[in-house]
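Worksheet: the structure to be examined is printed underneath.
Only the coordinates and a few stated rules stand behind these numbers; no lab work does. Quantities reported herein were computed from a predicted structural model and do not represent experimental measurements. FYI the Cβ positions are ideal-geometry reconstructions off the backbone, even for glycines, and counts take in every protein chain you see.
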Amino acid sequence: MKAIIFGAPGSGKGTYASRLQIKLGVEVISMGDIFRELMKEESDLGREVKYYVEKGLLVPDEIVVEVLKKRLSKIPPEKGYILDGFPRTLEQAKTLETIAKLDVILLLMVPDWMIIERLSSRRICQNCGTVYNLRFLKPKVDGICDKCGGPLYQRSDDNPEVIKKRLQIYQDQTSPLLQHYKEKKVPFIVSNTTSLETPPERVVEEFTTELKKLKLA
Ligand code: ADP
């Protein structure tokens with residue numbers, strides 16, 4: 001299965017993709033995670049990426065495509081994958097079409113107020129990347145990851161001003177891709193989240209059921 005998980009910042013792409021990874025045994029390629037790793041490096045590329053990410057701006061397409069190709073080349077050809085955070089522009093979508101044929105789009109529909117609520121209380125494990133939420137998906141011990149005991153931190157782009165910018169860019173540049181994929185007749189599986197308390201497992205269950213119907217799981 002070659003899928004993209006699509007939705008606004010804070011719609012839960014990373015949370016669901018990591019659970020689907022375990023459940024279905026597919027790889028997940030998260031552009032945001034790859035960039036955050038690069039940002040830790042003392043390299044020109046790391047510094048350049050940081051410049052954009054911290055402002056909530058899109059990293060230029062040339063860089064994104066290069067980084068993606070390098071990551072994809074490490075995946076065995078028979079293995080399925082879910083792309084999280086790619087493509088985010090029409091240019092990126094067109095490049096992807098030259099690399100792979102998409103089987104499905106997993107679309108997360110979440111109202112704006114919920115996104116803002118979630119992003120501002122999101123915390124992430126510095127060690128293993130597990131995502132928590134101080135209000136709705138709390139760690140058992142404050143500030144500590146349930147899975148590996150690592151410290152939790154808040155992303156530098158999860159502050160109100162940058163969140164606003166990211167949402168605006170999603171509206172302007174990324175959401176038009178949905179129309180593009182509809183025209184290309186790529187199948188969609190849509191999940192509508194309307195409550196902050198919906199457990200991630202339920203969404204993962206819904207996706208898995210629908211993927212089975214498409215013979216992709
Ligand atoms: P979110 O979906 O919550 O905004 P991500 O972790 O997916 O967060 O991405 C964080 C940041 O990394 C984005 O705001 C952007 O600066 C950069 N980024 C990630 N993916 C891409 C992409 N495909 N194209 C350009 N920039 C990207």
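Suppose we flag GluC sites (Glu not before Pro) only when DSSP calls them loop and at most 15 other Cβ atoms lie within 10 Å. Which is the longest uninterrupted stretch of the chain?
Working: sites that count: Glu41, Glu42, Glu78, Glu197.
For GluC sites (Glu not before Pro) (loop position, at most 15 other Cβ atoms within 10 Å), the longest site-free span of the chain is 79-196.
Between Lys147 and Glu48, the C-beta separation translates, for a Förster distance of 22 Å, into a calculated FRET efficiency of about 0.10.
Under the criterion of Cα pairs below 8 Å and six or more residues apart, the relative contact order for the chain equals 29 percent. Note on Glu62 and Lys212: the model spin-label points, each 7 Å out from Cα along the C-beta direction, lie 4.8 nm apart.
Once the chain from Asn192 to Glu37 is taken as fully extended at 0.36 nm per residue, the excess over their C-alpha distance is 52.7 nm. Sorted from greatest to least, the principal axis extents spanned by the alpha carbons of the chain come out as 44, 41, 33 Å. Helical runs assigned H by DSSP (4 residues or longer) give the chain a calculated mean residue ellipticity at 222 nm of -13500 deg cm²/dmol, each run adding -39500 (n - 2.57) before division by the residue total.
Using the Cβ-Cβ distance between Lys70 and Lys138 with R0 set to 45 Å, the FRET efficiency from 1/(1 + (r/R0)^6) comes to roughly 0.80. Ordering Arg202, Arg118, Arg36, Arg155 by the number of other Cβ atoms within 10 Å of each residue's own Cβ, fewest first, gives Arg202, Arg155, Arg36, Arg118. Model label points for Lys94 and Ser120, set 7 angstrom from Cα along the Cα-to-Cβ axis, are 3.9 nm apart.
Could you tell me the ratio Rg/Rh of segment 129-217? Both radii from Cα atoms, Rh via Kirkwood.
Working: Rg = 17.2 Å, Rh = 16.5 Å.
The Rg/Rh ratio comes out at 1.04.
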